[in-house]
1. In debye to the nearest 20, how big a dipole does the chain give about its Cα centre with +1 on each Lys and Arg Cβ and -1 on each Asp and Glu Cβ?
2. Mind putting a number on the dipole of the stretch 64-145 about its Cα centre? Charges go on the C-beta only, +1 for Lys and Arg and -1 for Asp and Glu, and I need it in Debye to the nearest 20.
3. Report the trypsin sites (Lys or Arg not before Pro) located in the stretch 67-147 that are in a DSSP loop and have at most 12 other Cβ atoms inside 10 Å of their Cβ, or state none.
4. Pull out a ≥ b ≥ c, the square roots of the eigenvalues of the alpha-carbon gyration tensor of the stretch 249-299, then state rounded if a/c is under 1.5, prolate if not and a/b is larger than b/c, and oblate in the remaining case.
5. Under the classification rounded if a/c is under 1.5, otherwise prolate if a/b is larger than b/c and oblate if not, where does the stretch 183-323 fall, given a ≥ b ≥ c as square roots of the Cα gyration tensor eigenvalues?
6. Measuring from centroid to centroid over Cα atoms, what is the spacing of the stretch 254-323 and the stretch 154-220 in Å?
7. Straight-line reach only, C-alpha to C-alpha below 28 angstrom: list the lysines that residue 92 could link to, leaving out same-chain residues fewer than 8 apart.
8. Arrange the peptides 295-301, 314-320 so that the one whose residues have, on average, the most other Cβ atoms within 10 Å appears first.
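Please treat every number below as a calculation from the coordinates, not as lab data. Being a predicted model, the structure only gives us computed values, none of them experimental. Here the Cβ is made from the backbone with ideal geometry for all residues, glycine too, and neighbour counts use every protein chain on show.
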Amino acid sequence: MKYLTFATATLAATAAWAETPELIVYTYDSFTSDWGPGPAIEKSFEEACACDLKLVGLGDGAALLARLKLEGARSDADVVMGLDTSLIAAAKETGLFTETAVNAEYTLPVEWNDTVFAPYDWGYFAFVHNKDLTPPANFKALGDSDLKIVIQDPRSSTPGLGLLMWVKAAYGDEAPAIWDALADNVVTVTKGWSEAYGLFLEGEADMVLSYTTSPAYHLIAEEDDSKAAAEFDEGHYMQIEVVGTLAGSDQPELAEKFLNFMVSDAAQAILPTTNWMYPAVTPAAGLPEGFETLTVPTKALLTPADEVPEIREEALAEWLKALSR
């Protein structure tokens, strides 16, 4: 009798485990890190979904899209999180994504009406430095200086691609000359943001391409106010990170539930002090203390998503030509 009771309990537990739906989300490495938002997002969503959320880190944002193109319709992913406005057009061209009905009271600095991707956070790209350094006021001054910078590869990283779009948006046809001047400032080009920021913290460069919100991490998490983001007078390019569902997902309802969760107060309140970006919807409790100290650019730059692919090819060729000399 005792054996039968044990066997029955084991079968019930196995059946329950087998019935637990699984949602696979491809995202970038820093999102899934111990210090990133992944662990808290996973715990909070699983409490509400009765499911198993699997966050899979695959490099940086651009590398994420490349992986998706390689896997195509055979991909195990249900959701992709971590593309941005510079990659939306390329992502849609794959035909792998489906529309979403997600809507929210976004507090983005731009109107959002995309029907495929939902935004979950945003920020301004900036060069972060130690406060004991007098930063340049623009790209021309940076190119004329002896300052050493670490940047990311635009072919694998969304910040790297954002920098291309930033220079192009600010200088247009002058962009090749800007890159020619910047080439000898570049210490190295990394695949992703994490590697670049790590090199900066190790003292390998004077400045690193990151975000105006990055100093908040040091201030809030480390009680260290020694970092700042340089404000450039030609303006700062914006990044809006998005999440979308794959058309081939076998969990479409759960995927839509996850997208709705990512714009909910529960998720949005997690992002400022884990992903260190502005939330797409300001949490009910407001932004964390310390965010009021951050650099806020007086001029925002953003290229419409459908114009990015053509500009990207030209900008990438200019970047490669300058840095290969």
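1. Here the chain has a charge dipole of around 600 debye.
2. Details: 6 positive and 12 negative charges, 64 e Å.
It comes to approximately 300 debye.
3. 131
4. In terms of gyration-tensor shape, prolate.
5. On the way: a/c = 1.81, a/b = 1.16, b/c = 1.55.
Oblate, since a/c reaches 1.5 and b/c is not below a/b.
6. A separation of 16 Å, based on Cα centres.
7. List returned: 54, 69, 168, 191, 257.
8. So the order, starting with the most tightly packed, is 314-320, 295-301.
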